[in-house]
Amino acid sequence: MNWYAWGGVKYFLYEYEYHLAQQSGDAIKMRWEDLVAAAKKDTIEHILPQSIAGIGYWEERFTPEQHSQLVHDIGNLTLTLNNSSLSNAPFPRKKGVASQERCYASSKLFVEQQLARFDDWTPETIETRRRAMEAWARERWHVYLPVHVDNPDEASEVGLEDFRRVLERTSIPRGQRQLYSALYHYADGLTSDELVEIMSRRDRHDLSGVLGALGRRINQTPGYLKTHKPGTPFFFDVSWQGNQQHYRLRPVLRAILDEMQPDWLDMCAPDSGSESE
């Protein structure tokens with residue numbers, strides 16, 4: 001896959017940087033608005049360069065086929081503040097040391113500081129980093145790998161029954177009630193920013209907290225544990241629109257809400273305002 005050409009690559013890498021900043025207990029050093037406004041070529045670097053002809057370090061480690069296959073891999077991409085200064089340099093030069101200017105080791109970006117921990121940059125290194133980023137992404141967006149089911153009809157029935165149990169619990173958190181209500185009333189679905197506004201959340205990260213709690217709530221429901229842990233994608237169709245995700249309630253779950261008509265269903269209906277605390 002050509003991750004570099006993907007429209008959501010800036011957002012993906014920014015979320016990864018935000019995650020690393022949280023892990024370090026520090027604030028992120030790059031503003032999202034600045035990243036969006038800047039050209040991709042100035043903010044995203046290929047660690048293995050796009051051109052390696054005549055550069056011994058890279059030619060010794062990557063065959064032409066490996067270069068073509070891996071150069072745009074997500075494991076080979078990083079946010080950067082100094083793309084032009086690093087250019088096609090060998091990895092040891094890009095890595096540098098903490099006392100050196102314009103290198104990974106002295107970067108303000110946590111993602112580049114993380115790169116400085118690698119001893120070398122090879123096809124195996126890119127695969128290792130990709131797997132780590134994929135694992136983080138599955139946890140971040142609550143996406144789980146497909147599971148083979150012998151009887152799809154039985155799986156659907158179990159899933160619907162579990163969904164009913166989730167809704168019938170006496171204490172559904174306010175944020176989750178807002179999420180169900182908003183997507184119920186906007187049949188074509190809503191983007192992350194639209195959900196933030198309609199649900200009166202602070203920002204996308206606040207919305208992510210609601211989605212994360214919902215994913216955990218779903219996966220802890222008796223029944224799901226017998227087969228697989230689908231998380232929020234089991235309830236919503238999730239896609240990308242530009243640099244943000246788009247959520248739409250699955251039709252069968254809309255039908256269950258129609259049937260149950262919980263008393264909070266209209267809390268995020270158009271012109272209704274948001275329920276008070």
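For the reader, a short list of remarks on this structure follows.
- Output for region 68-94, where each listed residue is under 26 Å from the mean Cα position of the chain (by Cα), surrounded by 13 or more Cβ atoms within 10 Å (Cβ to Cβ) and assigned to a helix (DSSP H, G or I): Gln69, Leu70, Ile74, Gly75, Asn76, Asn83
- The one condition in (1) small (Gly, Ala, Ser); (2) under 17 Å from the mean Cα position of the chain (by Cα); (3) more than 12 Å from Glu112 (Cα to Cα); (4) surrounded by 12 or more Cβ atoms within 10 Å (Cβ to Cβ) that Ala5 fails to fulfil: (4)
- Of residues in region 11-28 being of a type in the set (Gly, Ala, Ser) and under 12 Å from Leu109 (Cα atoms), the one surrounded by the most Cβ atoms within 10 Å (Cβ to Cβ): Ala21
- Inside region 35-52, residues that are part of a loop (DSSP other than H, G, I, E, B) and of a type outside the set (S, T, N, Q) make up a count of 6.
- Subset of region 251-267 [modelled with pLDDT under 80 and either in contact with a Lys or Arg (Cβ under 8 Å, 6 or more places away or on another chain) or closer than 20 Å to Leu207 by Cβ (or both)]: Leu253
- Which listed residue, of Ala98, Ala105, Ala137, is at pLDDT below 90, small (Gly, Ala, Ser) and surrounded by 15 or more Cβ atoms within 10 Å (Cβ to Cβ): Ala137
- All positions within region 119-130 that are among the charged types (D, E, K, R) and either in contact (Cβ under 8 Å) with a residue 40 or more places away in the chain or buried (at least 18 other Cβ atoms within 10 Å of the Cβ) (or both): Asp120, Glu127, Arg129, Arg130
Residues are listed down the side, and each one gets a yes or a no for (1) crowded, with 18+ Cβ neighbours inside 10 Å; (2) not in a helix (DSSP H, G or I):
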position	(1), (2)
Met30	yes, yes
Glu33	no, no
Gly54	no, yes
Glu59	no, no
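- All of Ser200, Ser208 fail the test of being surrounded by fewer than 17 Cβ atoms within 10 Å (Cβ to Cβ), at pLDDT 55 or above and more than 15 Å from Leu249 (Cα to Cα), apart from Ser200.
- If the condition is being touching a residue at least 60 places away in the same chain (Cβ under 8 Å), in a loop (DSSP other than H, G, I, E, B) and farther than 17 Å from Lys41 by Cα, then region 95-118 contributes only Lys108.
- Test: Pro49 is farther than 28 Å from Trp141 by Cα and in contact with a helix residue (DSSP H, G or I) (Cβ under 9 Å, 6 or more places away or on another chain): yes
- Counting residues in region 95-103 that are of a type in the set (Asp, Glu), more than 20 Å from Leu20 (Cα to Cα) and out of contact with any His (no Cβ under 7 Å at 6 or more places or on another chain) gives one or more.
- Any hit, region 145-153, residues being modelled with pLDDT under 95 and not in a loop (DSSP other than H, G, I, E, B): yes
- The test for being under 24 Å from Gly242 (Cβ atoms), of a type outside the set (Phe, Trp, Tyr) and either at pLDDT 60 or above or surrounded by fewer than 20 Cβ atoms within 10 Å (Cβ to Cβ) (or both) does not hold for Gln220.
The values are calculated or read from the model by the stated rules, or taken from the named source; none is laboratory data. Please read all numbers here as calculations on a predicted model, not as lab measurements. Neighbour counts run over all protein chains shown; Cβ positions are idealised from the backbone, glycine included.
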